[in-house]
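Before any comments, here is the structure.
The values are calculated or read from the model by the stated rules, or taken from the named source; none is laboratory data. Since the structure is predicted, the reported quantities are computational estimates derived from the model, not experimental observations. In this analysis, Cβ positions are derived from the backbone assuming ideal geometry, glycine residues included, and neighbour counts consider all displayed protein chains. Accessible surface is based on the protein model in full, side chains and every heavy atom, while ligands, DNA and RNA are left aside. Shrake-Rupley method; radii C 1.70, N 1.55, O 1.52, S 1.80 Å.
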Amino acid sequence: ALQLPHFGDVFIKRMEPARGKMGYTVLGVVSRLLRQPMLRPVYAPGGAEAQRIEVRRLSTLRQSGVNVPKVLHVTADWFVMTSVGQKSLEACMSEYPDQTVDYFADAAQNIAQLHHKGQNLSQAFVRNITCQDSVIGFIDFEDDPAANLGLILAQARDWLLFAHSTAPLLNDCLDSAVNALRNAVAQDDPVVQQQFHQALRQLTWLGRLPNNRQRWGRDVTVAHHSGQLFKRYLEILG
(Lines give C-alpha, C1' and ligand atoms only; values in the text may rest on other atoms or scores of the structure.)
Protein backbone atom coordinates (compact mmCIF):
# COMPACT_ATOMS: atom_id res chain seq x y z
CA ALA A 1 0.00 0.00 0.00
CA LEU A 2 1.08 3.59 -0.68
CA GLN A 3 0.11 6.62 1.36
CA LEU A 4 -1.37 9.66 -0.41
CA PRO A 5 -2.30 12.70 1.71
CA HIS A 6 -5.83 13.13 0.38
CA PHE A 7 -6.72 9.46 0.02
CA GLY A 8 -4.84 7.60 2.76
CA ASP A 9 -3.69 4.12 1.77
CA VAL A 10 -3.96 3.33 -1.93
CA PHE A 11 -3.23 0.17 -3.90
CA ILE A 12 -1.88 -0.42 -7.38
CA LYS A 13 -3.48 -3.50 -8.92
CA ARG A 14 -2.27 -5.37 -11.97
CA MET A 15 -4.37 -8.27 -13.22
CA GLU A 16 -2.86 -11.72 -13.65
CA PRO A 17 -3.56 -13.77 -16.80
CA ALA A 18 -6.58 -16.04 -16.72
CA ARG A 19 -6.17 -19.26 -14.76
CA GLY A 20 -6.58 -22.70 -16.27
CA LYS A 21 -10.13 -23.87 -16.93
CA MET A 22 -9.93 -27.26 -15.19
CA GLY A 23 -11.48 -25.92 -11.99
CA TYR A 24 -14.33 -24.38 -13.96
CA THR A 25 -14.94 -27.68 -15.75
CA VAL A 26 -15.12 -29.61 -12.47
CA LEU A 27 -17.48 -27.04 -10.96
CA GLY A 28 -19.68 -27.23 -14.04
CA VAL A 29 -19.95 -31.00 -13.68
CA VAL A 30 -20.84 -30.66 -9.99
CA SER A 31 -23.46 -28.04 -10.86
CA ARG A 32 -25.11 -30.36 -13.38
CA LEU A 33 -24.99 -33.40 -11.10
CA LEU A 34 -26.67 -31.45 -8.28
CA ARG A 35 -28.99 -29.62 -10.69
CA GLN A 36 -27.93 -26.46 -8.92
CA PRO A 37 -27.45 -23.55 -11.38
CA MET A 38 -26.05 -21.34 -8.61
CA LEU A 39 -22.89 -23.45 -8.65
CA ARG A 40 -22.27 -22.90 -12.35
CA PRO A 41 -18.73 -21.57 -12.81
CA VAL A 42 -18.31 -17.82 -13.23
CA TYR A 43 -15.35 -17.34 -15.52
CA ALA A 44 -12.74 -14.75 -14.48
CA PRO A 45 -11.10 -13.67 -17.76
CA GLY A 46 -7.89 -12.26 -16.28
CA GLY A 47 -5.74 -9.54 -17.82
CA ALA A 48 -7.20 -6.43 -19.40
CA GLU A 49 -10.75 -7.79 -19.55
CA ALA A 50 -10.75 -8.56 -15.81
CA GLN A 51 -9.51 -5.02 -15.17
CA ARG A 52 -12.32 -3.54 -17.25
CA ILE A 53 -14.84 -5.62 -15.29
CA GLU A 54 -13.43 -4.62 -11.91
CA VAL A 55 -13.16 -0.92 -12.68
CA ARG A 56 -16.74 -0.90 -14.00
CA ARG A 57 -18.12 -2.84 -11.05
CA LEU A 58 -16.30 -0.72 -8.46
CA SER A 59 -17.73 2.43 -10.04
CA THR A 60 -21.27 1.00 -10.11
CA LEU A 61 -21.12 -0.24 -6.53
CA ARG A 62 -19.74 3.05 -5.19
CA GLN A 63 -22.48 4.97 -7.00
CA SER A 64 -24.97 2.71 -5.21
CA GLY A 65 -23.45 3.57 -1.84
CA VAL A 66 -21.59 0.28 -1.25
CA ASN A 67 -18.27 0.56 0.62
CA VAL A 68 -15.79 -0.56 -2.04
CA PRO A 69 -12.48 0.98 -3.17
CA LYS A 70 -12.59 4.19 -5.18
CA VAL A 71 -10.75 3.99 -8.52
CA LEU A 72 -8.30 6.89 -8.79
CA HIS A 73 -6.38 6.19 -12.00
CA VAL A 74 -6.55 3.62 -14.80
CA THR A 75 -3.93 2.62 -17.38
CA ALA A 76 -3.99 -0.18 -19.94
CA ASP A 77 -2.15 -2.55 -17.57
CA TRP A 78 -2.96 -1.45 -14.01
CA PHE A 79 -5.11 0.83 -11.93
CA VAL A 80 -4.93 2.68 -8.61
CA MET A 81 -7.64 2.47 -5.97
CA THR A 82 -8.20 3.52 -2.38
CA SER A 83 -8.27 1.10 0.52
CA VAL A 84 -11.38 0.06 2.46
CA GLY A 85 -9.30 -1.64 5.14
CA GLN A 86 -6.22 -3.85 5.21
CA LYS A 87 -7.66 -6.30 7.74
CA SER A 88 -10.02 -8.99 6.48
CA LEU A 89 -13.22 -10.00 8.21
CA GLU A 90 -11.61 -13.41 8.72
CA ALA A 91 -8.76 -11.80 10.67
CA CYS A 92 -11.14 -9.74 12.82
CA MET A 93 -13.32 -12.75 13.64
CA SER A 94 -10.24 -14.82 14.52
CA GLU A 95 -8.46 -12.16 16.58
CA TYR A 96 -11.50 -11.04 18.57
CA PRO A 97 -13.49 -14.22 19.32
CA ASP A 98 -15.78 -12.43 21.76
CA GLN A 99 -16.96 -10.22 18.89
CA THR A 100 -17.18 -12.94 16.23
CA VAL A 101 -20.96 -12.87 15.98
CA ASP A 102 -21.03 -9.06 15.89
CA TYR A 103 -18.57 -8.95 12.99
CA PHE A 104 -20.43 -11.74 11.21
CA ALA A 105 -23.81 -10.04 11.70
CA ASP A 106 -22.49 -6.67 10.48
CA ALA A 107 -21.15 -8.27 7.30
CA ALA A 108 -24.43 -10.13 6.71
CA GLN A 109 -26.41 -6.90 7.15
CA ASN A 110 -24.14 -5.13 4.66
CA ILE A 111 -24.75 -7.89 2.12
CA ALA A 112 -28.50 -7.56 2.64
CA GLN A 113 -28.26 -3.79 2.13
CA LEU A 114 -26.28 -4.02 -1.10
CA HIS A 115 -28.76 -6.59 -2.42
CA HIS A 116 -31.56 -4.16 -1.59
CA LYS A 117 -29.73 -1.67 -3.84
CA GLY A 118 -29.88 -4.15 -6.71
CA GLN A 119 -26.21 -5.14 -6.47
CA ASN A 120 -24.24 -8.32 -5.90
CA LEU A 121 -20.70 -9.28 -4.96
CA SER A 122 -18.25 -11.32 -7.01
CA GLN A 123 -16.58 -13.85 -4.71
CA ALA A 124 -18.32 -13.30 -1.37
CA PHE A 125 -15.70 -15.15 0.63
CA VAL A 126 -14.63 -13.94 4.05
CA ARG A 127 -11.18 -13.06 2.67
CA ASN A 128 -12.80 -10.55 0.28
CA ILE A 129 -14.63 -8.69 3.05
CA THR A 130 -12.72 -6.09 5.04
CA CYS A 131 -13.29 -4.66 8.48
CA GLN A 132 -11.69 -1.29 9.19
CA ASP A 133 -12.66 0.31 12.52
CA SER A 134 -15.78 -1.91 12.54
CA VAL A 135 -16.81 -0.67 9.08
CA ILE A 136 -17.42 -3.44 6.54
CA GLY A 137 -16.00 -3.15 3.02
CA PHE A 138 -15.83 -5.38 -0.05
CA ILE A 139 -12.98 -6.05 -2.48
CA ASP A 140 -12.08 -8.12 -5.57
CA PHE A 141 -14.52 -7.75 -8.46
CA GLU A 142 -12.67 -9.39 -11.33
CA ASP A 143 -15.78 -11.21 -12.53
CA ASP A 144 -19.49 -10.48 -12.75
CA PRO A 145 -21.72 -13.36 -11.58
CA ALA A 146 -24.91 -11.48 -12.45
CA ALA A 147 -23.85 -11.38 -16.11
CA ASN A 148 -23.54 -15.19 -16.09
CA LEU A 149 -26.25 -16.26 -13.67
CA GLY A 150 -28.72 -13.38 -13.52
CA LEU A 151 -29.11 -11.12 -10.50
CA ILE A 152 -31.30 -13.44 -8.40
CA LEU A 153 -28.89 -16.39 -8.54
CA ALA A 154 -25.89 -14.09 -8.13
CA GLN A 155 -27.35 -12.68 -4.92
CA ALA A 156 -28.28 -16.14 -3.60
CA ARG A 157 -24.73 -17.20 -4.46
CA ASP A 158 -23.42 -14.34 -2.29
CA TRP A 159 -25.20 -15.82 0.74
CA LEU A 160 -23.94 -19.31 -0.05
CA LEU A 161 -20.29 -18.30 -0.42
CA PHE A 162 -20.45 -16.04 2.63
CA ALA A 163 -21.91 -18.82 4.81
CA HIS A 164 -19.53 -21.42 3.41
CA SER A 165 -16.36 -19.39 4.00
CA THR A 166 -17.26 -18.14 7.49
CA ALA A 167 -18.50 -21.49 8.83
CA PRO A 168 -15.14 -22.68 10.26
CA LEU A 169 -14.95 -19.52 12.39
CA LEU A 170 -18.35 -20.08 14.03
CA ASN A 171 -17.89 -23.33 15.96
CA ASP A 172 -18.38 -21.78 19.39
CA CYS A 173 -21.28 -19.52 18.47
CA LEU A 174 -23.06 -21.41 15.70
CA ASP A 175 -26.67 -20.83 16.78
CA SER A 176 -26.15 -17.10 17.37
CA ALA A 177 -24.46 -16.73 14.01
CA VAL A 178 -27.17 -18.73 12.22
CA ASN A 179 -29.84 -16.49 13.74
CA ALA A 180 -27.92 -13.40 12.61
CA LEU A 181 -27.65 -14.85 9.11
CA ARG A 182 -31.35 -15.72 9.01
CA ASN A 183 -32.28 -12.19 10.07
CA ALA A 184 -30.17 -10.74 7.25
CA VAL A 185 -31.36 -13.19 4.58
CA ALA A 186 -34.99 -12.52 5.61
CA GLN A 187 -34.55 -8.93 4.38
CA ASP A 188 -33.74 -10.11 0.86
CA ASP A 189 -36.04 -10.76 -2.08
CA PRO A 190 -38.21 -13.85 -1.38
CA VAL A 191 -36.98 -15.47 -4.59
CA VAL A 192 -33.37 -14.99 -3.49
CA GLN A 193 -34.24 -16.56 -0.15
CA GLN A 194 -35.90 -19.49 -1.91
CA GLN A 195 -32.86 -20.14 -4.11
CA PHE A 196 -30.49 -19.92 -1.14
CA HIS A 197 -32.54 -22.29 1.00
CA GLN A 198 -32.85 -24.76 -1.88
CA ALA A 199 -29.05 -24.78 -2.26
CA LEU A 200 -28.62 -25.39 1.48
CA ARG A 201 -30.92 -28.42 1.34
CA GLN A 202 -28.83 -29.88 -1.47
CA LEU A 203 -25.54 -29.30 0.33
CA THR A 204 -26.12 -30.38 3.94
CA TRP A 205 -24.37 -33.67 3.07
CA LEU A 206 -21.10 -31.75 3.21
CA GLY A 207 -21.36 -31.97 6.98
CA ARG A 208 -20.64 -35.70 6.71
CA LEU A 209 -17.19 -35.07 5.25
CA PRO A 210 -14.25 -35.70 7.61
CA ASN A 211 -13.15 -32.93 9.94
CA ASN A 212 -9.41 -33.54 9.96
CA ARG A 213 -7.48 -30.73 8.35
CA GLN A 214 -4.08 -32.33 8.84
CA ARG A 215 -5.12 -35.44 6.93
CA TRP A 216 -7.69 -34.17 4.42
CA GLY A 217 -6.65 -30.55 3.92
CA ARG A 218 -8.32 -27.19 4.39
CA ASP A 219 -10.95 -27.42 1.65
CA VAL A 220 -12.49 -30.62 3.00
CA THR A 221 -12.66 -29.31 6.57
CA VAL A 222 -14.19 -26.01 5.41
CA ALA A 223 -16.80 -28.00 3.49
CA HIS A 224 -17.51 -30.06 6.63
CA HIS A 225 -18.12 -26.94 8.71
CA SER A 226 -20.27 -25.34 6.04
CA GLY A 227 -22.42 -28.48 5.87
CA GLN A 228 -22.89 -28.30 9.63
CA LEU A 229 -23.91 -24.64 9.37
CA PHE A 230 -26.32 -25.35 6.50
CA LYS A 231 -27.97 -28.14 8.48
CA ARG A 232 -28.36 -26.01 11.60
CA TYR A 233 -29.73 -23.10 9.56
CA LEU A 234 -32.45 -25.30 8.09
CA GLU A 235 -33.27 -26.82 11.51
CA ILE A 236 -33.79 -23.36 13.01
CA LEU A 237 -35.67 -22.21 9.91
CA GLY A 238 -38.11 -25.07 10.54
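Over the chain, what relative contact order in percent results from Cα pairs under 8 Å that are six or more residues apart?
Numbers: 378 pairs, mean separation 41.7, N = 238.
About 18 percent, as a whole number.
Stretched out fully, how many nm does the piece from Arg14 to Arg215 gain, at 0.36 nm a residue minus the Cα gap? Intermediate results must be reported in sequence, preceding the final value.
On the way: separation 201, 0.36 × 201 = 72.36 nm, distance 3.56 nm.
Full-extension gain reported as 68.8 nm.
Ignoring ligands, DNA and RNA, what percent of the 1.4 Å accessible area of the chain is carbon and sulfur? Before the final figure, lay out each step's value.
Working: 6120 of 12260 Å².
Of all accessible area on the chain, carbon and sulfur atoms account for 50 percent.
Mind checking the per residue accessible area of the chain for me, 1.4 Å probe, whole number of Å²? The partial results should precede the final answer.
On the way: 12260 Å² over 238 residues.
Solvent-accessible surface per residue comes out at 52 Å².
Within the chain, which is the longest segment that contains none of the trypsin sites (Lys or Arg not before Pro) sitting in a DSSP loop with at most 10 other Cβ atoms within 10 Å?
Segment 36-238 is the longest.
Thr130's amide H: which non-local residues (gap 5+, or another chain) put their own amide H closer than 5 Å, with H modeled 1.01 Å from N in plane and none for Pro or chain starts?
Close amide H contacts, sequence-distant or interchain: Leu89, Gly137, Phe138, Ile139.
Quick one: ranking His115, His225 by accessible area, 1.4 Å probe, largest first, what do you get?
Descending accessible area places them as His225, His115.
As an exercise, use a Förster radius of 25 Å and the Cβ-Cβ distance of Asp175 and Gln198 to find the FRET efficiency, rounded to the nearest 0.05. Don't jump to the answer; show the numbers that get you there.
Working: r = 22 Å, r/R0 = 0.90.
The formula returns an efficiency of 0.65 here.
Treating the angle as unsigned and between 0 and 90°, give the value, to the nearest 10°, between the Cα long axis of helix 47-63 and the longest Cα principal axis of the chain.
80
Within the chain, how many Lys pairs sit with Cα atoms under 27 Å apart, leaving out pairs fewer than 8 places apart on the same chain? Mind showing how you got there, number by number?
On the way: Lys13/Lys21; Lys13/Lys70; Lys13/Lys87; Lys13/Lys117; Lys70/Lys87; Lys70/Lys117; Lys87/Lys117.
Going through the chain pair by pair, I get 7.
Could you tell me how many degrees, from 0 to 90 and to the nearest 10, lie between the Cα long axis of helix 22-34 and the main elongation axis, the longest principal axis, of the Cα atoms of the chain?
The angle comes out near 40 degrees.
Helix 100-116 versus the longest principal axis of the chain: what angle, 0 to 90°, nearest 10, using Cα atoms?
On a 0 to 90 degree scale, this one is about 70.
Here are labelled values, (1) 50, 40, 40; (2) 55, 47, 28; (3) 61, 39, 31, and one is the computed Cα extents along the principal axes in Å for what I pasted. Which one?
(1)
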